[in-house]
Amino acid sequence: MQLVTEMSSAYEHLEQLSIAELLQNINQEDKTVPLAVEEALPQIEKLVAAIAQKMKQGGRLFYIGAGTSGRLGIVDASECPPTFGVPQGLVVGLIAGGDGAIRKAVEFAEDNTEQAWKDLQAYTPTPLDSLIGIAASGKTPYVIGGVQIARQFGMTTGCIVCNPSSPLSQAVEFPVEVVVGAEFVTGSTRMKAGTAQKLVLNMISTTLMIQLGRVKGNKMVDMQLSNNKLIDRGVRMLMGELQIDADTASQLLQQYGNVREAINAYQG
């Protein structure tokens, strides 16, 4: 049976299209992705609820993937500490082929069914941890092997795939299937499938961080103040939350180094 992600593009002779036509048609295809994600919301909810329960008990979240999927997991994981002030290592992204594969493809790395679990051993996983396998095809051996062993070990397992009833979906407890259909360039899953995976990852990590108390109101009060833009944002947060002027807010932020701590100190 042909994979949906490998179906032929609905567009022919792409090389004959104008720049405007190429852009318009890519955009037209991209518009379908959020609707596909919407269809998967019940699956995403079940996965997030299971992971949140574990993380509230001290568990961590791991992503594993190859190629584009692995890179997207690493991006999402790496943004959690600066955005939400969580410790490094609470959310971890792993890619087939190791860190070198972030920039350059590593041949056949994704075909090793045992390597993902070996890679996870560096973090001393426990049954309180959760693992999400990311693979557009749902067939990547590196990912399938990793989640299979993790599930046997007692970790909560989920996946983000773009084909229905894939081997990866069958290997995990909580599959998320976002079926976006044929790509604009046949088989190029860095496009719609990658966009879908990014949207779902944003949903998962953001919802988890809110569940863990890392957002106050609608503000990132635990963000790391690592540049002037974020410092200015922190000042504005304090001004709005505490109804104080910019100078007072700036002094508070400098004194406490964190928006949440500054709010708590000011409010007594």
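Before we move on, is S69 within 17 Å of G194 (Cβ to Cβ) and polar (S, T, N, Q)?
yes
Counting only residues that are of a type outside the set (A, V, I, L, M), touching a residue at least 40 places away in the same chain (Cβ under 8 Å), in contact with a Lys or Arg (Cβ under 9 Å, 6 or more places away or on another chain) and surrounded by 14 or more Cβ atoms within 10 Å (Cβ to Cβ), how many does the range 81-124 have?
Count: 3.
Give, as residue ranges, the helices (runs of 4 or more DSSP H) completely inside the range 5-94 that count at least 3 residues that are of a type in the set (G, A, S) and either closer than 27 Å to Y142 by Cα or not assigned by TED's automatic domain parsing to the domain that holds I160 (or both).
It comes to 41-55, 67-84.
Would a scan of the range 39-58 turn up a residue that is surrounded by fewer than 21 Cβ atoms within 10 Å (Cβ to Cβ), touching a Gly at 6+ places or on another chain (Cβ under 8 Å) and of a type outside the set (F, W, Y)?
Yes: one or more hits.
Of everything in the range 220-230, what is loosely packed, with under 15 Cβ neighbours inside 10 Å and without any contact (Cβ under 8 Å) to a residue 40 or more places away in the chain? Give them in sequence order.
N227, N228, K229
With the condition kept exactly as written, say whether any residue in the range 123-135 is farther than 15 Å from R60 by Cα and touching a strand residue (DSSP E or B) at 6+ places or on another chain (Cβ under 7 Å).
yes
Can you tell me which condition E241 does not meet? The list is (1) at pLDDT 95 or above; (2) surrounded by 15 or more Cβ atoms within 10 Å (Cβ to Cβ); (3) not aliphatic (A, V, I, L, M), and all the others hold.
(1)
Given the criterion of a type outside the set (K, R) and under 18 Å from L168 (Cβ atoms), identify the matching residue among L41, L61.
Matching residue, one of L41, L61: L61.
Among the candidates G194, G268, G217, single out the residue that is farther than 21 Å from V92 by Cα and in contact (Cβ under 8 Å) with a residue 12 or more places away in the chain.
G217
The values are calculated or read from the model by the stated rules, or taken from the named source; none is laboratory data. All of these numbers come straight from a predicted model, not from anything done at the bench. Virtual Cβ from ideal backbone geometry, glycine too; neighbours counted across all protein chains shown.
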